[in-house]
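Below is one structure, written out as structure tokens; the observations come after it.
The values are calculated or read from the model by the stated rules, or taken from the named source; none is laboratory data. Values in this document were obtained by computation on a predicted structure and should not be read as measured data. Because the Cβ atoms are built from the backbone with ideal geometry, glycine has one as well, and the counts that use them run over all protein chains shown. All accessible areas refer to the heavy atoms of the entire protein, side chains included, with ligands and DNA or RNA removed. Shrake-Rupley method; radii C 1.70, N 1.55, O 1.52, S 1.80 Å.
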Amino acid sequence: MEHAQEREACLEQTQRYCVERPIYNQELLQGQLHRRERAPQTLRQKIAHSCRCSSKKAKSHLYRFIPILKWLPRYPVKEYLLGDIISGISTGVMQLPQGLAYAMLAAVPPVFGLYSSFYPVFLYTFFGTSKHISIGTFAVISMMVGGVAVRQVPDEMISVDYNSTNVTDWLEYYHARDTKRVQVAVTLAFLSGIIQLCLGLLRFGFVAIYLTEPLVRGFTTAAAVHVFTSQLKYLLGIKTNRYSGPLSVVYSIAAVLSKITTTNIAALIVGLTCIVLLLIGKEINLRFKKKLPVPIPMEIIVVIIGTGVSAGMNLNESYKVDIVGNIPQGLRAPAVPEIQLIPAIFVDAIAIAIVGFSMAVSMAKIFALKHGYTTDGNQELIALGICNFAGSFFQSFSVTCSMSRSLVQESTGGKTQIAGALSSIMVLLVIVAIGYLFEPLPQTVLAAIVMVNLKGMFKQFGDVVHFWRTSKIELAIWVVAFVASLFLGLDYGLLTAVAFAMITIIYRTQSPQYRILGQIPDTDIYCDVAEYEEVKEYPGIKIFQANASLYFANSESYTSALKKKTGVDPCAILAARRKAQKRHAREIKAANALRKKAANDVEASVKHEIANDELPVNGKFASADANVQDVSPDEHEHFVEPETNIHSLILDFTPVNFVDSVGAKTLKSIIKEYKEVGVHVCIASCSGPVMNELTRLNFFDNTVTRELLFHSVHDAVLACRVKAGSASQ
């Protein structure tokens, strides 16, 4: 009782409006409106307009292509410079060990990770639109690059005597193998850069929308498992081949387990110690984020300690711990990538280009929303394309945005792309000056850095519980992306996941939700009658709604659901009529045959009675045909047919975005079939684009006019009530 009183009080306080207008169908509404006159442009005029150039337009295009020209002259030095310097140093300190570590994932020598942490990062400063993301090496992309490099240049491809104990033979083997793998990685960066650049210039930035969040998270979680398993051999200090392609995770784990007895204890102790230190450092940074001026650079601290311990204890010679090895000092001369490799890696380059862009643009949007500025998806594609394309001439492999470094760059006060440029300059100083100092760095330290950085990705396993509660379809996408990427490899797994995501879109449109609507009393609002108690249906009127467009894939299910929900099946009614007509025809035929037989019996009886001088009274005899009556052919039209109290059917087209030719034919068939059983069909809330599509598809004719289309559901209901009232009179 109290709840009802509160609701009544709330209704009294609610603002109200009252509108008095005619009942509008499309015919009447279009008659009262005047379309704006638009002169149609020919193709030649459109091309001439797009090619027209002015100083203002040229300046706009230049600023869009090179954004630094727009924001750098307005750079507030006093407000931003200090924050950018601190952020740049913090990110650069993090960039250095990650560059070395992720080069191992890409199956190339560590120095190439430094190259990939300099050239692309510096170029992004000029062409990127995001102020906070950190471009450079990233675990997922590096893993994809490494998979392609190992597939194209497997360990068995380079001939060597595996029983040889000559160090020179093995050094030559490693050098030849690594050189070829670098060529593959560089060509992959070259090709993926061209693809990104072309997609950006053609304004194809929208392709990233097909990589939905569940798909990307499932894919990156599987990539984290790939990365983790690939680093086990470095952590344990054992020698195994690197695998790529389907079931590579299974093969890698099996190879590690088969040689687990050869574990290098010294390497394992160093690696586990580094993992513990890194986890402690990350936990401190997380708990005391607000109190620390900058995060503790635990990764570079671990690298320095590991390098010092390795050099001091001579771990490589004394304990056979694998180290980074030769790091050439200075930059390499530019070289053209191996063009002949392109056909073999083209599909992989497409996958890397799209995944790399989706990673970068998703992080860019997050920071742009947080800090109140805009990013251009197409320009991000162009920027990434230039970074990869130009970087490939200087021996860098494919790069994208790093989530961990981007968070550090933003949290330490970075304001613009200047922070990224400063971090790349720090990497440059290492390359040209002190790179050789990191040669004794144990590979197990780099493996520890990679593994700890996967912590955030492994937390994505919690998505399973989240999506189970929110959306089973998104859960299916996550699971398929994870399982396919885990067992088929990252390239085929991504293609499988995208294909499955497309199938779910088709499934959703093929299996939409169908509802019967009713009116909230004394309003023009219509809701699902099965969901709300207050909602009531008008007697004799059914309002049907499907939350999907009407096209070839769901037209049949639309018709079936319409018949089921409304309880009126024109085909069944017409079939019942035909059955009743046939039954009635048989009854008439039987009655006529009986009448004829009775007439013959009467004639014989009359003859007999004449012989006995007995005449009938008024020509009537108490015979078997006493109850037989003449049946006229007009009685074919009178029979019992299925009862239906529905006189009007309204199709609510509010959720409909488009209708194809099959959908238009289905709609026309529905109108015709229901008309044959005395049910008037009309369409409500049909949008302008859908109206135009129906017009192009020749939907309207003498029988189906625009008078059947109404501006709103309420207009249609009122019109149906008026029509039913006039028909009853």
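Observations, loosely collected:
- Residue within region 569-582 that is open to solvent by less than 80 Å² (accessible area, probe 1.4 Å) and under 30 Å from Ala476 (Cα atoms) present: no
Residue-wise test of (1) closer than 17 Å to Pro655 by Cβ; (2) touching a helix residue (DSSP H, G or I) at 6+ places or on another chain (Cβ under 7 Å); (3) among the acidic types (Asp, Glu).
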{"position": "Val483", "(1), (2), (3)": "no, no, no"}
{"position": "Leu488", "(1), (2), (3)": "no, yes, no"}
{"position": "Asp491", "(1), (2), (3)": "no, yes, yes"}
{"position": "Val498", "(1), (2), (3)": "no, yes, no"}
{"position": "Thr504", "(1), (2), (3)": "no, yes, no"}
{"position": "Arg515", "(1), (2), (3)": "yes, no, no"}
{"position": "Asp524", "(1), (2), (3)": "no, yes, yes"}
{"position": "Glu534", "(1), (2), (3)": "no, no, yes"}
{"position": "Glu537", "(1), (2), (3)": "no, no, yes"}
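- For region 274-304, the set of residues classified as under 16 Å from Thr444 (Cβ atoms) and without any contact (Cβ under 8 Å) to a residue 12 or more places away in the chain consists of Val276, Ile304, listed by residue number.
- Condition check for Ser192: without any contact (Cβ under 8 Å) to a residue 40 or more places away in the chain, touching a Ser or Thr at 6+ places or on another chain (Cβ under 6 Å) and crowded, with 19+ Cβ neighbours inside 10 Å: no
- Among the criteria (1) modelled with pLDDT of 90 or more; (2) among the β-branched types (Val, Ile, Thr); (3) assigned to a helix (DSSP H, G or I), the one Thr220 does not fulfil is (1).
- Helices (runs of 4 or more DSSP H) fully within region 295-383 that include at least 3 residues being surrounded by fewer than 16 Cβ atoms within 10 Å (Cβ to Cβ): 298-313, 342-371.
- From Ile23, Ile47, residue being farther than 30 Å from Leu384 by Cα and of a type outside the set (Lys, Arg): Ile23
- Against the conditions (1) farther than 15 Å from Thr125 by Cα; (2) modelled with pLDDT under 90; (3) hydrophobic (A, V, I, L, M, F, W, C), Ala364 satisfies every one except (1).
Residue-by-condition table, conditions (1) under 32 Å from the mean Cα position of the chain (by Cα); (2) over 27 Å from Ala333 (Cβ atoms); (3) open to solvent by 10 Å² or more (accessible area, probe 1.4 Å):
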site: Val408; (1), (2), (3): yes, yes, yes
site: Ser411; (1), (2), (3): yes, yes, yes
site: Gly414; (1), (2), (3): yes, yes, no
site: Met426; (1), (2), (3): no, no, yes
site: Leu437; (1), (2), (3): no, no, yes
site: Leu441; (1), (2), (3): no, no, no
site: Asn453; (1), (2), (3): yes, yes, yes
site: Gly456; (1), (2), (3): yes, yes, yes
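- Test for Tyr243: is it outside any helix (DSSP H, G or I) and open to solvent by 70 Å² or more (accessible area, probe 1.4 Å): yes
- Ala254 in the same structural domain as Val450 (by the TED database), assigned to a helix (DSSP H, G or I) and more than 21 Å from Tyr102 (Cβ to Cβ): yes
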